Structures are given as C-alpha cells and as structure tokens.
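Asks: The structure under discussion is supplied below as structure tokens; questions concerning it will follow.
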Amino acid sequence: YSRVRGSVAAPTAGLHFTPELLASIQALGVEMAFVTLHIGWGTFKPVEVEDATTHEMHAEYWEIAPEAADAINRAKLEGRRVVVVGTTAVRLLEHVARATEASGQHPGSVVRPGSGWADIFIYPGYRFRVVDALVTNFHLPKSTLLMLVSAFAGKDLVFRAYDEAIKQRYRFYSFGDAMMML
C-alpha cells in the first residue's frame, strides 16, 4: 500500500485501514487487490466551469497487476461486491473498465492488467462498470471528487450526508472522517 513513488498526495481514504484492520477483514474471507494510481495535481483542481463536461482532468499514471485484474474480474463474474477504497482508485478502475469495454479484446473481463494514463472525469450521470461500494473521505466543494461521489450515490443523498457531517462536526479532506457508500 502506497509503496510505489510517484503520487503528489497520500491515498488518504486508505489511511483508515490499519494492518490489524486489514488482517481482520481478510480473516472474514474478503479478497483484496491493490492497484496503483499516481495522483496528480489535477485531482485537486476545482471545477470552475459552469458546464462540468468541459472541465479538463489531467492524466495520471496507473498500473494494475495481472493478479489484481484477475481478482476484480473474478469477483464481478461471481456476483461478489467490489468495494473500492478511495475516489482515485474508482477513477482508475472505471477508466480501465471503459477502455477494456471499448477495445473488445478481453471478452468476459471488466478490467485488464497493464499500465497507462487515466484522465476520466466522473460526474452525475456516469454508469459505473466496476464499483459496487465505496469508502472515501468527505471532499471539498467544487471538487471533482465530490462530483464523483455524487455520481455514485446521487447528489441529493450525498448533500444530505454532508449536511449531517457538518452538524456532527466531522472532519473533511485528507485526514478527515470517512464514509462507506453502498
């Protein structure tokens, strides 16, 4: 976890998972797969355009090992839930799933192993191909990350959750509190 240098930021959603918690989760029979996305400055660039479809995402380098792709594809094939930790991991997996689907070269696979550059911008209306549940921190207004969670769970529900988080004095952003979206 976070062993490969290259990202401008820590994978903060994963900071909630201690080695002991991960071991407990695995002891329950949960299969884990790790992927690499080198988060760039563009992740933190606010959306400043009226039409979100014109917002430019900067490309970020990614890698998915064959073992990780196999685990994700197996889970989807078997009807198991793919729970993703972190919005950037969501972007990576959805980028690769979209490219895998478009190529038609990996029948029966949702994602393929490999590496490349992802510049996907996920906002409300997006159809998720991989992600069934998401663990993420609370994100800042006008961020691409807030738009991604709104696409996943619905803007109204997300904004109600954020209102409650503010009332309860939850901490936002990198070292803040987390939520799980099912």
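The values are calculated or read from the model by the stated rules, or taken from the named source; none is laboratory data. Only a predicted model underlies this, so the values are computations on that prediction, with no experimental measurement involved. All Cβ positions, even for glycine, are placed from backbone atoms using ideal geometry, and neighbour counts span all protein chains on display. Side chains included, ligands, DNA and RNA excluded: accessible areas come from the protein's heavy atoms. Shrake-Rupley method; radii C 1.70, N 1.55, O 1.52, S 1.80 Å.
Asks: Going by what's in this entry, would R91 be described as under 27 Å from L157 (Cβ atoms) and basic (K, R)?
Replies: In short, yes.
Asks: Would you mind finding the one in A27, A69 that is farther than 25 Å from F138 by Cα and open to solvent by 70 Å² or more (accessible area, probe 1.4 Å)?
Replies: Unique residue meeting the criteria: A27.
Asks: Could you list, in sequence order, all residues of region 72-85 that are buried (at least 17 other Cβ atoms within 10 Å of the Cβ) and either charged (D, E, K, R) or under 26 Å from A178 (Cβ atoms) (or both)?
Replies: Hits for region 72-85 are I72, A75, K76, V82, V83, V84, V85.
Asks: Pick out the one residue from A52, A75, A68 that is closer than 15 Å to M147 by Cβ and among the aliphatic types (A, V, I, L, M).
Replies: The conditions single out A52.
Asks: Can you name the residue in region 86-118 that is surrounded by 21 or more Cβ atoms within 10 Å (Cβ to Cβ) and of a type in the set (D, E, K, R) and, of all such residues, is farthest from P11 (Cα to Cα)?
Replies: It comes out as E94.
Asks: For region 65-77, indicate whether the set of residues that are on the phi > 0 side of the Ramachandran plot and not in a helix (DSSP H, G or I) is non-empty.
Replies: No - not one qualifying residue is present in region 65-77.
Asks: Would you point out the residue of region 1-52, among those that are assigned to a helix (DSSP H, G or I) and β-branched (V, I, T), that is modelled with the highest pLDDT?
Replies: So the residue we want is I25.
Asks: Restricting to region 80-96, what's the tally of residues that are among the small types (G, A, S) and not in a helix (DSSP H, G or I)?
Replies: 1
Asks: Restricting to region 141-151, and then to whatever is under 18 Å from L93 (Cβ atoms) and in contact (Cβ under 8 Å) with a residue 60 or more places away in the chain, can you tell me which residue is most open to solvent (accessible area, probe 1.4 Å)?
Replies: In this case the residue turns out to be M147.
Asks: Let me ask something else about it. Checking the conditions here, which among L37, L22 is within 21 Å of T136 (Cα to Cα), free of Cβ contacts under 8 Å to residues at least 24 places away in the same chain and open to solvent by less than 60 Å² (accessible area, probe 1.4 Å)?
Replies: L22
Asks: Report every pair of residues separated by at least 6 positions or lying on different chains whose Cβ atoms are under 7 Å apart, first residue within region 119-140 and open to solvent by 40 Å² or more (accessible area, probe 1.4 Å), second part of a loop (DSSP other than H, G, I, E, B).
Replies: Listed pairs, sorted by first residue: D119/M57; D119/H58; D119/A59; R129/V110; D132/R81; D132/V82; L140/F172; L140/Y173.
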